[in-house]
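Peer 1: Have a look at this one.
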Amino acid sequence: MAHEIIVVHGNGTLAGDVHISGAKNSALKLMAASILAQGETIVRNVPLISDIDVMSEVLECLGATVARDEADEHVLLIDTSAVDSFETPYELVSKMRASIAVLGPLIARFGRARVAMPGGCQIGARKIDMHLRGLEALGVSFEIDHGYLKAAAENGLHGASVALDFPSVGATENMLMAAVVAEGETIIGNAAREPEIVDLANMLNEMGAKVRDAGSSIIRVEGVPLESLKPCDHATIGDRIEAGTFLVGGALTGGPVTVRGINPSFLRMAIAKFREMGCTVEEGADFVTVARTEPLRPVEIQTLPHPGFPTDLQAQFMLLAACAEGTSVITENVFENRFMFAAELARMGADIEIEDHHSLVRGGRSLQGAPVSSTDLRAGAALVLAGIVAEGETRVHKINHIDRGYEDYVGKLKALGADVSRELPYHNHRATVFVEADR
Ligand code: EPZ
């Protein structure tokens with residue numbers, strides 16, 4: 001509901017099992033990939049979050065139909081038979097930058113696309129120059145047309161050997177989804193290696209594409225005819241960032257917290273850091289458990305492209321560091337402005353100094369509940385966790401950020417024992433009271 005807030009009372013409790021939803025940062029691209037094949041594609045284990053709803057609107061705007069299976073609303077049925085447009089409107093792209101993921105598939109299917117330029121966001125400029133340069137190498141030409149990106153592959157798509165300046169997740173994905181129908185072989189050098197890239201490549205191969213070595217820095221694609229790509233039935237991998245967020249809750253409170261439905265190999269660096277900070281970590285085929293009996297130890301973290309430490313867990317670990325005994329250094333190497341969380345945590349009593357892309361986190365202080373605001377979805381999730389270990393009440397505003405990427409975050413935290421709820425802010429209640437009184 002609009003303008004709701006999350007109210008947390010610090011009771012220091014998070015313990016038990018939580019089932020992890022499908023990965024937002026994979027499902028959005030799997031949905032875009034469905035454009036490549038005419039017919040009904042089934043994507044399973046799709047989280048119930050607002051970003052998925054926006055991507056569904058984007059696909060419907062293109063002429064597809066998107067429905068949730070009545071038997072299981074985590075299953076999306078996407079029929080792209082009637083897709084007849086290659087244009088995505090500003091109103092949708094500006095709601096969610098990840099809509100740019102339809103660029104590659106639209107060019108592959110129609111040889112052209114007209115996509116609103118995605119804006120930046122709180123954490124950075126979020127440029128797409130590498131997407132464009134990579135697609136240009138495959139034969140695409142671009143021009144800016146009144147805020148829209150007009151793309152055309154006048155002579156069709158042809159394979160190429162391309163090296164990305166930075167292992168951009170989005171650029172790798174857009175190139176992959178165009179290269180699958182490019183004439184000949186494409187080699188993507190310095191490709192992103194995230195598990196979500198592997199998930200997308202697996203789905204493309206299930207559709208009839210020929211992608212090799214996804215998950216490594218050099219991905220090879222043998223182009224196939226567009227019409228040879230068929231709809232498929234694919235299950236999204238578990239969300240490693242949601243899992244890591246709940247495991248941080250276990251590390252903060254002592255836990256034990258077990259996340260189920262996740263491949264532990266997706267969390268190698270986070271698991272290493274939990275252990276470095278004094279937690280015990282147990283791993284199974286599809287679960288990870290984090291517990292702690294010792295005081296948290298300080299840590300050094302450098303966020304890097306996978307398999308380095310994930311930038312999407314940076315805020316959550318900054319909170320851990322703020323509760324550790326000693327001084328930690330956390331360096332953000334992926335986004336240029338992803339320390340806004342520090343200012344909000346400081347309102348709760350944390351002592352954090354920012355110097356360029358380094359943060360010095362002096363731990364050992366207990367946190368006090370306070371009114372705070374989410375600046376991005378990961379910071380928002382971390383603020384709620386902070387409220388669980390803080391003294392008193394924390395009111396987290398702008399929780400629409402959290403709803404973009406966390407399915408039933410409050411419900412899952414409640415099931416682990418947290419005293420947390422979604423509420424309308426006080427002033428709304430007053431308005432209701434006055435209206436009632438007037439009657
Ligand atoms: C994806 O964003 C994720 N989003 C992000 O998750 C995640 O933080 C990021 O990958 C890194 O892992 C989705 O998958 C929807 P990038 P993406 O291209 O693809 C710069 C979350 O919290 N860059 O790897 O946009 C860019 O500005 C979100 O779930 C260029 O300069 O990430 C950034 O600084 C946040 N030019 C860096 O590279 C380009 O053409 C990494 O961006 C592309 C990127």
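The values are calculated or read from the model by the stated rules, or taken from the named source; none is laboratory data. The structure displayed is predicted, hence computed values, not measured ones. Positions of Cβ are backbone-derived with ideal geometry, glycine not excepted, and every protein chain shown enters the neighbour counts.
Peer 1: For the range 99-149, which residues satisfy the criterion of being more than 19 Å from Glu57 (Cβ to Cβ), more than 10 Å from the ligand (Cβ to nearest atom) and of a type in the set (Val, Ile, Thr)?
Peer 2: Matches in the range 99-149: Ile107, Val140, Ile144.
Peer 1: Pick from Ala101, Ala82, Ala113: which is aliphatic (A, V, I, L, M) and out of contact with any helix residue (DSSP H, G or I) (no Cβ under 6 Å at 6 or more places or on another chain)? Spell out the reasoning first.
Peer 2: Numbers: Ala101 fails: out of contact with any helix residue (DSSP H, G or I) (no Cβ under 6 Å at 6 or more places or on another chain); Ala113 fails: out of contact with any helix residue (DSSP H, G or I) (no Cβ under 6 Å at 6 or more places or on another chain).
Criteria check complete, one pass: Ala82.
Peer 1: Checking the structure you have, find out if any residue of the range 99-114 is in contact with a strand residue (DSSP E or B) (Cβ under 9 Å, 6 or more places away or on another chain) and at pLDDT below 90. Steps first, answer last, please.
Peer 2: Going residue by residue through the range 99-114, those that are in contact with a strand residue (DSSP E or B) (Cβ under 9 Å, 6 or more places away or on another chain) are 99-100, 102-107, 111-114.
Subsequent filtering for residues that are at pLDDT below 90 retains none.
No - not one qualifying residue is present in the range 99-114.
Peer 1: Can you find a residue in the range 188-196 that is modelled with pLDDT of 95 or more, within 12 Å of the ligand (Cβ to nearest atom), of a type in the set (Gly, Ala, Ser) and under 28 Å from Ile237 (Cα atoms)?
Peer 2: Checked the range 188-196: at least one residue is modelled with pLDDT of 95 or more, within 12 Å of the ligand (Cβ to nearest atom), of a type in the set (Gly, Ala, Ser) and under 28 Å from Ile237 (Cα atoms).
Peer 1: When the residues of the range 316-350 are filtered to those that are touching a Gly at 6+ places or on another chain (Cβ under 8 Å) and charged (D, E, K, R), which remaining residue is surrounded by the most Cβ atoms within 10 Å (Cβ to Cβ)?
Peer 2: Top of the filtered list is Arg338.
Peer 1: Related question: Return the total of residues in the range 159-178 being touching a residue at least 60 places away in the same chain (Cβ under 8 Å), more than 16 Å from Pro305 (Cα to Cα) and either aliphatic (A, V, I, L, M) or away from the ligand (no atom under 16 Å from the Cβ) (or both).
Peer 2: 5
For (1) under 20 Å from Leu377 (Cα atoms); (2) at pLDDT below 95; (3) hydrophobic (A, V, I, L, M, F, W, C), each residue gets a yes or a no:
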position: Leu36; (1), (2), (3): no, no, yes
position: Gly63; (1), (2), (3): no, no, no
position: Asp69; (1), (2), (3): no, no, no
position: Asp79; (1), (2), (3): no, no, no
position: Lys95; (1), (2), (3): yes, yes, no
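Peer 1: Hey, could you check the range 88-98 for residues that are away from the ligand (no atom under 12 Å from the Cβ) and touching a residue at least 40 places away in the same chain (Cβ under 8 Å) and say which is surrounded by the fewest Cβ atoms within 10 Å (Cβ to Cβ)?
Peer 2: Of the range 88-98, the ones away from the ligand (no atom under 12 Å from the Cβ) are 88-95.
So of that shortlist, the ones also touching a residue at least 40 places away in the same chain (Cβ under 8 Å) come out as 90, 95.
Values: Tyr90: 15, Lys95: 18.
Selected residue: Tyr90.
Peer 1: Go over the candidates Val115, Val83 one by one and state the one that is under 19 Å from Val180 (Cβ atoms), assigned to a strand (DSSP E or B) and in contact (Cβ under 8 Å) with a residue 12 or more places away in the chain.
Peer 2: Residue meeting the stated conditions: Val115.
Peer 1: Can you tell me which of Ala101, Ala125, Ala108 is of a type in the set (Gly, Ala, Ser), farther than 25 Å from Ala182 by Cα and in contact (Cβ under 8 Å) with a residue 40 or more places away in the chain?
Peer 2: Just one listed residue meets the conditions, Ala125.
Peer 1: Sticking with this one: Take the residues of the range 19-56 that are of a type outside the set (Val, Ile, Thr) and assigned to a loop (DSSP other than H, G, I, E, B): which is surrounded by the most Cβ atoms within 10 Å (Cβ to Cβ)? Quick ask: steps written out before the conclusion?
Peer 2: The initial filter retains those residues of the range 19-56 that are of a type outside the set (Val, Ile, Thr), namely 19, 21-34, 36-40, 44-45, 47-48, 50-51, 53, 55-56.
Filter again for assigned to a loop (DSSP other than H, G, I, E, B), leaving 21, 23, 37-39, 45, 47-48.
Numbers: Ser21: 25, Ala23: 28, Ala37: 24, Gln38: 18, Gly39: 13, Asn45: 22, Pro47: 23, Leu48: 14.
Among residues in the range 19-56 that are of a type outside the set (Val, Ile, Thr) and assigned to a loop (DSSP other than H, G, I, E, B), the one surrounded by the most Cβ atoms within 10 Å (Cβ to Cβ) is Ala23.
Peer 1: Among the strands (runs of 3 or more DSSP E) confined wholly to the range 134-212, which include 2 or more residues that are among the hydrophobic types (A, V, I, L, M, F, W, C) and buried (at least 19 other Cβ atoms within 10 Å of the Cβ)?
Peer 2: 148-152
Peer 1: Turning to a different aspect of this structure: Specify which of the listed residues (Ser21, Ser81, Ser50, Ser26) is of a type outside the set (Phe, Trp, Tyr), closer than 20 Å to Asn174 by Cα and either over 24 Å from the mean Cα position of the chain (by Cα) or within 16 Å of the ligand (Cβ to nearest atom) (or both).
Peer 2: From the options Ser21, Ser81, Ser50, Ser26, the qualifying one is Ser26.
Peer 1: Is there a residue being among the acidic types (Asp, Glu) and free of Cβ contacts under 8 Å to residues at least 24 places away in the same chain anywhere in the range 242-261? Give the derivation first.
Peer 2: The first filter runs over the range 242-261 and keeps only residues among the acidic types (Asp, Glu), leaving 242.
Next, from what is left, pick out any that are free of Cβ contacts under 8 Å to residues at least 24 places away in the same chain: none.
No; the residues of the range 242-261 include none that is among the acidic types (Asp, Glu) and free of Cβ contacts under 8 Å to residues at least 24 places away in the same chain.
Peer 1: Would it be correct to say that Asn155 is among the polar types (S, T, N, Q) and in contact (Cβ under 8 Å) with a residue 60 or more places away in the chain?
Peer 2: So Asn155 fails the test.
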